[in-house]
Amino acid sequence: MNKSSYLDINRFISDRIFSIIADSAYESGVEAYVIGGYVRDCLLGRDYEKRDIDIVVDGSGIELAIKVARRISPGIKITVYKNFGTAMFRTKGHIIEFVGARKESYSSNSRKPVVENGTLEDDQNRRDFTINALAISLNRNSYGKLIDPFNGIKDLDKRIIRTPLEPGKTFSDDPLRMLRAIRFACQLEFDIHPATFKSIKNNAERISIVSYERITIELNKILLSNKPSEGFRLLYESSLLKIILPEVYNLKGVEMIEKHGHKDNFEHTLQVVDNISIKSDSLWLRWAALLHDIAKPKTKKYIEGTGWTFHGHEYVGSRMVPGIFKRLKLPMDDRMRYVQKLVALHLRPIILSQESVTDSAVRRLLFDAGDDIDDLMMLCEADITSKNEKKVKQHLRNFSIVRQKLTEIEEKDHVRNFQPPIDGNKIIQMFDLKPGRQVGYLKESIKEAILDGIIPNDHEAAMDYLIKKAAEIGLKPVDK
Ligand code: CTP
């Protein structure tokens, strides 16, 4: 991006909303500026049309917000946070947030700021990075002027993340900013200035005072960027990873016994995460990729003659998922169970593709994966990170056979969302049983017979099979 493109700032504030803010501020005798992410993303040409807009006011942000909202439409719902001196509302797909310019100091062991009114300059001073401290004036005598006290433009040009003040000061104001630096570097494909990164290393321990809810927002943004590996390498190097996600940190390293090493599971994992192509709904698939080998350090064993093994790591790993999600304050609902399931099943397609692909093995995989079968296949393909091209090609060929088989069997047998053709109640009625072991056994026998291809997945066949199986344990249908 060249400098001349920055001169044309007015096009970023051409929407009617900005002139309404300007007029309202003028009438109230206060000054207003657009600041932060909106300005940064405009200058980067980065999808700014729908993003949040932050307005800083050298006066009451709440009063100006109310005035502007009334002018747009009397019906707009305004949310006011009195304690923080902020107010926001939604219009035309944007959230507009107003805040009074602040001079903040934070107490050393909490993020709760002690808010004091200040000037625009004070407000810019207390912001996290030079590229986030850029402001555009909405005032009559300087409308469209860019106010850039820390050379944020230069840093945007050189693609550098740097704190406006001495980094130790900026990070001690809010230690989450260490993680934000890495998130922005990864998301925007910027470098972190050496002095800023050094300070992150020195202050990493301070991340422990930050709530996991805030940490996770940043981790998710890293996972949703083009190359999450870049972010995770920085998290590793800075030691932040060791504190916030030690399970992933522990994947790093290669152990050698008798000249035999295993692959570095950290680097492998990052490659798998990067390999999952990014769509708006792939966050949880990327979490599954990040955690798919999480139990490798725990299950690692060197067996003479065989080499390194990680026996059962998929099951041990899947059992680790709820604990990690709980600690990180990630959702404990279907999204967690989805990650857990993919971790548990991540070896199944590959094992299947190495053996002869029998119908019954395919049916079992479809049954276990259900609607997540396509995601599981994506994870497995992403999991092939060998440098040996021949090996990779062979695996992918086998996978396409598995995929083809999956489609064929699903069309034929419909086991993807398997519902047994005869349920427990029917069995109880037919044989006049009480709920219990025998009912479970008969139900399970029908399911197994269908998955093994002994009988087709239909009612009549299941009925015949049930009568036969019941007879084996001395049960006869009762006449009713
Ligand atoms: N900010 C800060 N320190 C923080 C969080 C935010 O100084 N810990 C400031 C930055 O100036 C930032 C602005 O508040 O630009 C808005 O913060 P936020 O909405 O969290 O981030 P954005 O920069 O808008 O970026 P994104 O929307 O990508 O998160």
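The values are calculated or read from the model by the stated rules, or taken from the named source; none is laboratory data. Computed from a prediction, not measured in an experiment: that's the story for all the values here. With ideal geometry, Cβ positions are generated from the backbone for all residues, glycine too; neighbour counts draw on all protein chains shown. Quick note on the areas: whole protein, heavy atoms, side chains included, nothing else; ligands and nucleic acids left out. Shrake-Rupley method; radii C 1.70, N 1.55, O 1.52, S 1.80 Å.
Details
- Annotation: extensible slack from residue 359 through residue 425 equals 20.8 nm (criterion: 0.36 nm per residue apart, minus Cα-Cα distance).
- Lys, Arg +1 and Asp, Glu -1 on Cβ, resulting dipole of the stretch 147-250 about Cα centre, debye, nearest 20: 100 debye
- Farthest positive-ward along the chain dipole, Cα basis, beta-carbon charges - from 66, 386, 449: 66
- The Rg/Rh ratio for the stretch 424-472, using Cα coordinates for both the radius of gyration and the Kirkwood hydrodynamic radius, is 0.95.
- The chain: angle of helix 459-472 to the longest principal axis, Cα-based, in degrees nearest 10: 60 degrees
- Angle in degrees between helix 194-203 and the longest Cα principal axis of the chain, rounded to the nearest 10: 60 degrees
- Coupling constants for the stretch 297-306 follow from the phi torsions by the Karplus curve (6.51 cos²θ - 1.76 cosθ + 1.60, θ = phi - 60°), and in residue order they are x, 6, 9, 5, 8, 9, 10, 4, x, 9 Hz; glycine and proline get x.
- Inter-site label distance for residue 393 and residue 145 at 7 Å from Cα along Cβ, in nm: 6.5 nm
- For the stretch 424-472: relative contact order, % (alpha-carbon pairs under 8 angstrom, 6 or more apart): 28 percent
- Cleavage-rule hits, GluC sites (Glu not before Pro), the stretch 214-280, DSSP coil, Cβ neighbours within 10 Å at most 15: 255, 258
- In nm, spacing of pseudo-spin labels at residue 467 and residue 319 (7 Å Cα→C-beta vector): 4.4 nm
- Cα shape, the stretch 51-171, gyration tensor, a/c 1.5 rule: oblate
- Highest-first arrangement of 314-323, 175-184, 434-443, where packing means the average Cβ count within 10 Å: 175-184, 314-323, 434-443
- Among 285, 224, the order of accessible area from largest down is 224, 285, computed with a 1.4 Å probe on protein heavy atoms.
- With each label modelled as a point 7 angstrom along the Cα→C-beta vector, the residue 351-residue 208 pair spans 4.0 nm.
- Full extension of the segment from residue 16 to residue 81, taken as 0.36 nm per residue of separation minus the current Cα-Cα distance, would add 20.9 nm.
- Using only Cα coordinates, the Kirkwood hydrodynamic radius of the chain works out to 26.7 Å.
- Summing charges over all other residues whose Cβ lies under 12 Å from the Cβ of residue 315, with Lys and Arg as +1 and Asp and Glu as -1, gives +3.
- For the chain, the longest principal axis of the alpha carbon atoms and the long axis of helix 61-72 meet at an angle near 80°.
- Using the alpha-carbon positions of the stretch 356-477, Rg (one decimal) and Dmax (whole number) come out as 18.6, 61 Å.
- Within the chain: Cβ-based charge dipole about Cα centre, in debye rounded to nearest 20 (Lys, Arg +1; Asp, Glu -1): 680 debye
- Efficiency of FRET between residue 329 and residue 460 - r from beta-carbon atoms, R0 45 angstrom, step 0.05: 0.35
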